[in-house]
1. Given (1) over 28 Å from His71 (Cβ atoms); (2) in contact (Cβ under 8 Å) with a residue 40 or more places away in the chain; (3) surrounded by 14 or more Cβ atoms within 10 Å (Cβ to Cβ), where does Gly137 come up short, assuming only one miss?
2. I'd like to verify a number: residues in the range 69-78 that are open to solvent by less than 20 Å² (accessible area, probe 1.4 Å) and either in contact with a Gly (Cβ under 8 Å, 6 or more places away or on another chain) or of a type outside the set (A, V, I, L, M) (or both), how many?
3. So Leu163 passes all but one of these: (1) within 16 Å of the ligand (Cβ to nearest atom); (2) open to solvent by less than 10 Å² (accessible area, probe 1.4 Å). Which condition number does it fail?
4. Among the residues of the range 200-209, count how many are within 16 Å of the ligand (Cβ to nearest atom) and touching a Gly at 6+ places or on another chain (Cβ under 9 Å).
5. Would you confirm whether any residue within the range 180-188 is within 16 Å of the ligand (Cβ to nearest atom), at pLDDT 90 or above and within 12 Å of Leu32 (Cα to Cα)?
6. Give the residue that is nearest to Pro82 (Cα to Cα), with candidates limited to residues of the range 5-54 that are of a type in the set (A, V, I, L, M, F, W, C) and in a helix (DSSP H, G or I).
7. Can you tell me which residues in the range 52-64 are crowded, with 19+ Cβ neighbours inside 10 Å and within 16 Å of the ligand (Cβ to nearest atom)?
8. Filter the range 99-111 down to the residues that are open to solvent by less than 60 Å² (accessible area, probe 1.4 Å), within 22 Å of Ile123 (Cα to Cα) and in contact (Cβ under 8 Å) with a residue 24 or more places away in the chain and list them by number.
Amino acid sequence: MLEIKDLYVRYGMIEAIKGISFEVRDGEIVTLIGSNGAGKTTTMHAISGLLKPASGSIMLDGVELTKTPNHKIVSMGLAQVPEGRRVFADLTVEENLDMGAFMLKDDALIKRKKEEMFDFFPILGQRKKQKSRSLSGGEQQMLAVARALMSSPRLLLLDEPGLGLAPLIVQEIFSKIKLINKEDKVTVFVVEQNARLALKSSDDGYVMENGVIVLHDEAQALLKNQKVRAAYLGE
Ligand code: ATP
């Protein structure tokens, strides 16, 4: 579904991504792990069109995303949950979901999608008239995911969904991500520092260091890999 080939991304003189290649197959959950500054967020931003790569190719279902205008990328079925749960703090939970549905023109469909989200994340239903700033960190992350799901994406990009959250909440978020993947058939590409939980929930994994991919294997194999265990699982 998503195929990245020989991608380079620069910030001025700084080469943040140095020729990476990887793929996310239809129906999978794929995780990219790496330490601070490895280039994970830069990779995400290149895929979602926020950053223009210096060179290389990003194909979504055979369409070159680097040549596709940003507004079209969402309509191609790609949605991103950015790092840091950027919900609209002064808008209510329900208004945030409306923002995620900006592409949909059909009011009945928007209403139905919102009801689906309130069923899937009951806490958001209970808080729907509440301003988002008053939600807990975990609830805001659920809202950020729900907002992305409003556009019915086929590919969901998640940038560090566990950042700054208690382990139990991170676990809950990953179990929701697995459900979204299995039941709604949404393919997921996730960047995460909490490598153990992310790999446990994934089919495939890539390890990134200093802007290059240094390891790729099935997620379960990476969990057993000595190098990964020492560097990313604190063993
Ligand atoms: P973290 O886990 O800490 O978020 P990351 O793996 O997501 O790290 P990136 O944020 O992609 O890493 O950063 C990759 C490299 O690019 C780092 O060396 C970083 O300092 C650099 N970088 C990121 N954003 C910019 C920017 N706007 N201008 C210049 N350099 C940047």
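The values are calculated or read from the model by the stated rules, or taken from the named source; none is laboratory data. Everything numeric here is computed off the predicted structure, so don't read it as measured data. Glycine also receives a Cβ, built like all others from the backbone with ideal geometry; neighbour counts cover every protein chain displayed. Side chains are part of the model used for accessible areas, which takes the heavy atoms of the whole protein and leaves out ligands, DNA and RNA. Shrake-Rupley method; radii C 1.70, N 1.55, O 1.52, S 1.80 Å.
1. Of the numbered conditions (1) over 28 Å from His71 (Cβ atoms); (2) in contact (Cβ under 8 Å) with a residue 40 or more places away in the chain; (3) surrounded by 14 or more Cβ atoms within 10 Å (Cβ to Cβ), the odd one out for Gly137 is (3).
2. Step one: list which residues in the range 69-78 are open to solvent by less than 20 Å² (accessible area, probe 1.4 Å), which gives 73, 77-78.
Subsequent filtering for residues that are either in contact with a Gly (Cβ under 8 Å, 6 or more places away or on another chain) or of a type outside the set (A, V, I, L, M) (or both) retains 73, 77.
Within the range 69-78, residues that are open to solvent by less than 20 Å² (accessible area, probe 1.4 Å) and either in contact with a Gly (Cβ under 8 Å, 6 or more places away or on another chain) or of a type outside the set (A, V, I, L, M) (or both) number 2.
3. Leu163 satisfies every listed condition except (2).
4. Residues meeting the conditions: 4.
5. Going through the range 180-188, the residues within 16 Å of the ligand (Cβ to nearest atom) turn out to be none.
Scanning the range 180-188 turns up no residue that is within 16 Å of the ligand (Cβ to nearest atom), at pLDDT 90 or above and within 12 Å of Leu32 (Cα to Cα).
6. First pass over the range 5-54, keeping only residues of a type in the set (A, V, I, L, M, F, W, C): 7, 9, 13-14, 16-17, 20, 22, 24, 29-30, 32-33, 38, 44, 46-47, 50-51, 54.
Remaining after also requiring in a helix (DSSP H, G or I): 44, 46-47.
Numbers: Met44: 9, Ala46: 12, Ile47: 12 Å.
Applying the filter and picking the extreme gives Met44.
7. Taking the range 52-64 and keeping what is crowded, with 19+ Cβ neighbours inside 10 Å, we get 53, 58, 60.
Across the range 52-64, the qualifying residues are Pro53, Ile58.
8. Gly100, Ala101, Ile110 - these are the residues of the range 99-111 that are open to solvent by less than 60 Å² (accessible area, probe 1.4 Å), within 22 Å of Ile123 (Cα to Cα) and in contact (Cβ under 8 Å) with a residue 24 or more places away in the chain.
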